[in-house]
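A quick write-up on the structure given underneath.
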């Protein structure tokens, strides 16, 4: 089984510890990597009214705030050994800044890749910015 770079895993482990998931006890960390190789991390943030922020959205927000606009790879670390792929909403969010070839990697605590998919596989026939006229 393939493994990710140790520096990415170390960042994911730190981020997951910082996640705020008091209601689900399901902390998630995400690192998005841009075409330039820059990396931005995020965690899920739950709130009492349950309109929470997923880790993917958090990482994308950090990327956007830094001025980047394209994602080539996404690393996801959930709370268990089972793969933790992006939810449907996050797949659409990732599609806004990625494409069919954007790589999604779910990993375990040792950095082993437990699920490898392209965004096109996770979100086939997707709707994106190019579908909006103007």
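The values are calculated or read from the model by the stated rules, or taken from the named source; none is laboratory data. All figures in this text were calculated on a predicted structure; none of them were measured in a lab. Positions of Cβ are generated from backbone atoms using ideal geometry, with glycine treated the same way; all protein chains shown enter the neighbour counts.
A few comments on the model shown:
- Any hit, segment 48-64, residues being assigned to a strand (DSSP E or B) and in contact (Cβ under 8 Å) with a residue 12 or more places away in the chain: no
- Considering segment 20-56, the residues that are farther than 19 Å from residue 69 by Cβ and in contact with a helix residue (DSSP H, G or I) (Cβ under 7 Å, 6 or more places away or on another chain) include one that is surrounded by the fewest Cβ atoms within 10 Å (Cβ to Cβ), namely 45.
- Residues of segment 81-107 that turn out to be farther than 25 Å from residue 36 by Cα and either assigned to a loop (DSSP other than H, G, I, E, B) or touching a strand residue (DSSP E or B) at 6+ places or on another chain (Cβ under 7 Å) (or both), as a count: 5
- Pairing residues of segment 15-40 that are farther than 16 Å from residue 59 by Cβ with residues that are in a loop (DSSP other than H, G, I, E, B), at Cβ distances under 7 Å and at least 6 apart in sequence or on separate chains, gives 22/46; 23/46; 24/46; 26/79.
- Checking each residue in segment 96-134 for being more than 16 Å from residue 81 (Cβ to Cβ) and surrounded by 19 or more Cβ atoms within 10 Å (Cβ to Cβ) picks out 97, 98, 102, 104, 119, 122, 123.
- Condition met for residue 60 (closer than 16 Å to residue 111 by Cβ, surrounded by 13 or more Cβ atoms within 10 Å (Cβ to Cβ) and either modelled with pLDDT under 95 or touching a strand residue (DSSP E or B) at 6+ places or on another chain (Cβ under 7 Å) (or both)): no
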